[in-house]
Amino acid sequence: MNSFFTSEKIWLDKWDVFIRTNIRGVYAQYPDWCNSYKEFGFDNEVFVMEENSSIKCGCIIVYAEILGFNFAVVPVGPIITSGNEHLLQGILLKLIERAQQKKSCVFQVTIPYQLRLNQNFSLLKFKSIEPTLGIAFKPIGPIMGYRLIDLKGKRIEEIHQLFSKNLKRNLKKSLNSNLEIRFLNKETDIREAYKCFEKNGNDKGYSLRPFNSLKKYFLKTISEGKTIIIGAFLDDKLIGSLYLVKTDNMMSYINGGVIKEYQSLQVSVFMHFSMIQYAIDKKIRYYDFCIGGTEGVLRFKKSFGTEKVENYPTLYWVLKKRRFYLFKFVEKYFKGYKKNIAKLLMKFRK
């Protein structure tokens with residue numbers, strides 16, 4: 001089997017198709033998802049293992065530089081086709097070696113749950129460097145897992161039976177509230193929808209990347225059918241929105257928000273129910289609510305009858321100790337730094 005690292009468009013296009021069509025494909029390995037970080041000056045390349053021009057395994061690595069510190073990050077991966085799981089350890093060593101060649105102080109990866117990984121992580125030692133459990137570099141978030149509804153062969157009535165009694169009551173209320181779902185594809189509409197996400201984040205104490213850093217990504221991937229942003233409207237007024245990314249196998253909820261004064265209409269329930277129906281119509285296997293959230297958010301996700309599936313814990317290898325510990329010292333001055341660094345890097349890119 002031939003393996004190589006490349007940034008050539010022909011292979012990135014092939015990788016894009018592989019992620020979209022393969023049963024193990026994950027949205028965070030889409031080239032467009034990883035390219036969205038280029039707004040901050042972050043680079044990436046794809047590692048490919050192929051046989052007879054057919055991709056068998058691989059992943060995109062994002063190379064980030066912040067304040068002179070270099071990191072190599074695989075948000076989730078490698079993606080390995082069924083029957084090739086035994087290649088995992090060898091692939092990881094190739095990725096770490098590549099990160100070292102790129103002068104990264106840390107290599108970080110979150111390994112998919114489908115792969116067989118010995119929990120004795122010391123077996124993944126690179127030279128004399130053993131992996132550490134945890135997240136060393138936070139601006140490129142790992143995909144920790146999923147909260148899934150398996151839609152295969154099911155009608156919406158069968159999925160409805162999975163819902164809690166309270167959710168069924170709230171859904172009935174939302175269906176009687178004259179709400180309307182619209183698929184958004186114009187910049188002005190997407191920007192308004194993003195304001196709902198930002199407001200929701202502010203209310204819950206977390207920040208989002210600036211809209212302008214994602215504008216090109218949204219417009220491109222929506223036009224290609226990989227990203228979906230919907231708006232919930234009441235009397236022609238946008239009162240809530242959802243952001244989802246899909247492969248042929250899974251539709252994943254990324255973000256959402258509802259204007260506070262309309263939350264009593266159960267707008268979130270209505271939007272998710274509508275998109276579950278959409279996923280069934282498109283013969284998508286899984287609807288993914290994503291794994292995280294506050295206690296209240298998790299209670300909401302569980303009420304849909306979701307199953308929690310966790311990836312392996314995030315691992316990182318410290319390739320340059322002094323540089324990494326200096327970064328950790330500097331990092332504490334950027335608490336809540338996703339938004340701060342985003343603004344700083346965007347300024348440098350102008």
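Assorted remarks:
- Within segment 304-314, restricting attention to residues that are of a type outside the set (V, I, T) and surrounded by 14 or more Cβ atoms within 10 Å (Cβ to Cβ), the residue that is farthest from M251 (Cα to Cα) is P313.
- Leading residue by the ranking (farthest from Y286 (Cα to Cα)) among those in segment 202-216 that are touching a residue at least 40 places away in the same chain (Cβ under 8 Å) and open to solvent by less than 30 Å² (accessible area, probe 1.4 Å): S213
- Subset tally (residues that are open to solvent by 20 Å² or more (accessible area, probe 1.4 Å), at pLDDT 95 or above, touching a helix residue (DSSP H, G or I) at 6+ places or on another chain (Cβ under 9 Å) and in a helix (DSSP H, G or I)) for segment 234-269: 3
- Within segment 315-342, the set of residues being surrounded by 15 or more Cβ atoms within 10 Å (Cβ to Cβ), modelled with pLDDT under 95 and farther than 15 Å from A64 by Cβ comprises L326, K339.
- When segment 185-216 is filtered for residues that are of a type in the set (V, I, T) and either over 22 Å from M251 (Cβ atoms) or part of a loop (DSSP other than H, G, I, E, B) (or both), only T188 remains.
- Considering segment 217-233, the residues that are touching a residue at least 40 places away in the same chain (Cβ under 8 Å) and part of a helix (DSSP H, G or I) include one that is surrounded by the fewest Cβ atoms within 10 Å (Cβ to Cβ), namely K220.
- Only listed residue being more than 22 Å from the chain's Cα centre (by Cα), of a type in the set (V, I, T) and surrounded by 15 or more Cβ atoms within 10 Å (Cβ to Cβ), chosen from I60, I129, I111, I66: I129
- Residue count for segment 281-303 under the criterion of being open to solvent by less than 30 Å² (accessible area, probe 1.4 Å) and out of contact with any strand residue (DSSP E or B) (no Cβ under 6 Å at 6 or more places or on another chain): the result is 1.
- Enumeration of residues in segment 37-57 that are over 19 Å from V17 (Cβ atoms) and either crowded, with 23+ Cβ neighbours inside 10 Å or under 19 Å from the mean Cα position of the chain (by Cα) (or both): Y37, K38, E39, F40, F42, D43
- If you go through segment 38-81 and keep only what is at pLDDT below 95, outside any loop (DSSP other than H, G, I, E, B) and of a type outside the set (D, E), you end up with K38, F40, S54, I66, F69.
- Residue in segment 81-91 that is surrounded by 19 or more Cβ atoms within 10 Å (Cβ to Cβ) and closer than 23 Å to I66 by Cβ present: no
- Residues satisfying the stated conditions in segment 4-23, i.e. touching a residue at least 40 places away in the same chain (Cβ under 8 Å) and open to solvent by 40 Å² or more (accessible area, probe 1.4 Å): F4, F5, K14, R20, T21, I23
- Unique match (being closer than 20 Å to M275 by Cα and over 19 Å from the mean Cα position of the chain (by Cα)) among K172, K199, K195, K226: K172
- Residues in segment 226-275 that are of a type in the set (G, A, S) and either within 11 Å of A193 (Cβ to Cβ) or out of contact with any strand residue (DSSP E or B) (no Cβ under 7 Å at 6 or more places or on another chain) (or both): G231, A232, G240, S241, G256, G257, S264.
The values are calculated or read from the model by the stated rules, or taken from the named source; none is laboratory data. Model, not experiment: these values are computed from the prediction. Cβ atoms come from the backbone with ideal geometry, glycine included; neighbour counts cover every protein chain shown. Just the protein is used for accessible areas: all its heavy atoms, side chains included, with ligands, DNA and RNA removed. Shrake-Rupley method; radii C 1.70, N 1.55, O 1.52, S 1.80 Å.
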